[in-house]
Structures are given as C-alpha cells and as structure tokens.
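Reading through the structure tokens given below for one structure.
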Amino acid sequence: MSVRDLTKIFPGRGGGHKAVDAVSFELEPGGALGIVGESGSGKTTIARMLIGLESATAGSMSVLGRDRSRPARGAAERRARARELQIVFQDPYTSLDPSQSARAAVDEVLRHHAAGAARAARADASTRSRSRSGPDPRSAPTKATGPTSGSDPAIDTRPDADSNTRPVTSPSTNADPRDARARQTRLEELLDQVGLTERQSHARPRDLSGGQRQRVAIARALAADPAVLILDEAVSALDVSIQAQILNLLVDIRARTGIAYILISHDLAVVRQLCDSALVLRSGRVIEQGSCADILDNPAEDYTRALRAAVPVPGWRPPQH
Ligand SMILES: Nc1ncnc2c1ncn2[C@@H]1O[C@H](COP(=O)(O)OP(=O)(O)OP(=O)(O)O)[C@@H](O)[C@H]1O
C-alpha cells in the first residue's frame, strides 16, 4: 500500500479543521505498520479514509498498484476492494448481527465472496464464448474483462459508508456441491485459526466475551482474504491477558498467511509487539517515522517520549509521591 500526502479537512469555521495533514507511508506486502499518537491526533480518520468511509480532501493512495483514491464504483469493485483491505474496530459488538452465530457470521462473508467469484467466472465464460462466436474474431476483445454490471448486492465486510451497519446477506448463487465443501473447509479453518471452539462458534455475540467477539471479527475480516488488515485499537478494550492472547494470534496469523497489518493504537507496547515500522502522529501530522525499534527505543521527539512514558510496561510501578 502506498499513501501520499493524505489530508482531511473537516468543514467548519475558519477554513475547517485539518484532522490529517499530508500523511505519507508505504506498507510492503506482509509488513506491519503502527500508527500511534495521542487522542485526537487523526489515527481513526486515516483508517476511515483508507477504507473509504471518509473521503480524503487531498492526497492519493494505492493498494497492490491500483489507485484507490476515489470511492469504489459498482459492486464488483467494492468486492475487489474488500479483498484488499479489511478493518477490525475496537468493539465488534456493534458490527456483529446479534441474531447470527459466530459461525454464520463468518460463513456469510465466505458465501458472498464465493458467489461473487462464481458470477465473475460465468461472466468471463460468456464474454469468451461471445467473442468466439462473434462475426470477426479480430474485432473481438482479446482479453475477457470480467463483469461490469453493478447489480451485484456486494457485501463489503467493512462497515457501510453511510450507516455503519453490518452487511446484508445475499442469497448464494453458488450451487456446486464441491464449492460448498470447499467453503465448509475454509470456514472450519478460519474458526480454528482464530481459536474459537465448537461451542463458541455456535454462540450469538451476546453470549461471547469481548475477546471471543474480537476473534469472530478477525475471522470475518480474514474470510474476505484481504492483503491488508487494519486494526483500529482492536485490542484496547480487552483486559491485559486477553489482549496478549489476541496479539499472539495476530502475530501467528501474519506469519502463516503473509497478510499485512496497519495497527492503530495509542499503546506503544502493543505496537512494539506487532509492528516492524511505525509513524507518530501529532495534530494530524507525522512527526516521526521509521523502524519500530528506532522510534520506540530512541525517539527523536519529546512528544514520542511522552507517549512512551504514558504507557505502563511490565514491572511499571506508579510514581511514589
Ligand atoms: N466527522 C468529524 N467532523 C469534525 N471533526 C472530526 C470528525 N471526526 C474527527 N474529527 C476531529 O478530527 C481529529 C482527529 O480525530 P480522530 O478520531 O481521527 O483521532 P484519533 O487519533 O483516532 O483519536 P482517538 O485515539 O481518541 O480515537 C479530532 O480533533 C476530531 O475531533
């Protein structure tokens, strides 16, 4: 992912409020970048622009070499983008359907992507057969371009741009039993990968703990098979031992799948555990950027030192007065 001069000005008096000011970064495939900063420094606004929930005032971004500076047009593009970028928020409770078991919530995403792939394959085949039977093969397109119709009820597992609601289930058009078996295998794989037990996989969100709900949200995000997962304070609300479990899980998933992370956190200890590189935000501007070790061990800025000092680390004792 490549982000250049990303800027967000929220409208308001006196020219508005510049919440994000010319932020640039690169994220390599399989990399992990931490975005840190105090409350109100612009971290979530960056995440919201990356996933298209907020439009950027200026700047550009691309993922896997494709320009993603503009909102997606049509269902096929939304689905393609969902495979590039997914997000997990602090509290998945609001984004999980209260009536859906963990298993059903993950399967919904798998079903949607399988149905989309089947539609794309059918459209591809029909384009090719049309071009074969066309009057002059030389005038036919040499390469099938895939579906262009926007009639798909595409599920983007990311929150909806307008309502921030969970996705709507689309009826599966994928009737091939081999596909159903493959989906089932993938479902079990994902539930296993995030460490949900059989019993938990049948539970509704209200019957799961915060850590278990976060596992469901991670499994749902992974079901779209994204290249990049954004974790926006994804472990902040969990108590320390559960937080450690989820962080270990994330380290493990990255090692196994090669997925890249953008970790947004005010907690430098969490960033240190998961990330290779980091950037430090203050009032929307990047004030330090580089390898995690450099920034966290040898901060150049007092602000970063203050952020570091604000984080209790193992062995930390409250100052004695
Ligand atoms: N929709 C909005 N309209 C106007 N101002 C906004 C809006 N959303 C965010 N802001 C402002 O933009 C700035 C950055 O907010 P943002 O939520 O990105 O910060 P943050 O670093 O994620 O903070 P926190 O860690 O507290 O979540 C803040 O000053 C906030 O008040």
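Quick check for me: using +1 on Lys/Arg Cβ and -1 on Asp/Glu Cβ, what's the dipole size of the stretch 201-291 about its Cα centre, in debye to the nearest 20? It would help to have the intermediate numbers written out before the result.
Values: 10 positive and 9 negative charges, 40 e Å.
With Lys and Arg at +1 and Asp and Glu at -1, about 200 debye.
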- [ ] Pull up all non-local amide H partners of I230: gap of 5 or more, or a different chain, and H-to-H distance under 5 Å with H placed in the peptide plane.
- [x] Q86, I87, V88, I262
Open item on the list: For G31, what residues show an amide H to amide H distance below 5 Å, using hydrogens built from the backbone and excluding near sequence neighbours?
Closed with: Y261
Open item on the list: Can you classify the stretch 206-262 as rounded, prolate or oblate using the Cα gyration tensor, where a ≥ b ≥ c are the square roots of its eigenvalues, rounded means a/c under 1.5, and otherwise it's prolate if a/b beats b/c and oblate if not?
Closed with: prolate
- [ ] Please name whichever of A234, L187, I246 sits farthest to the positive end of the charge dipole of the stretch 179-321, dipole taken about the Cα centre and charges placed at Cβ: Lys and Arg +1, Asp and Glu -1.
- [x] L187
TODO: Give the long-range amide H neighbours of K8: residues separated by 5 or more places, or on another chain, with amide H under 5 Å away, using H modelled in the peptide plane at 1.01 Å from N.
DONE: A19, V20, D21, A22, T57
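Laboratory data are not the source of any read-out in this text; all were calculated from the coordinates shown. Please read these numbers as outputs of a predicted model, since none were measured by experiment. Because the Cβ atoms are built from the backbone with ideal geometry, glycine has one as well, and the counts that use them run over all protein chains shown.
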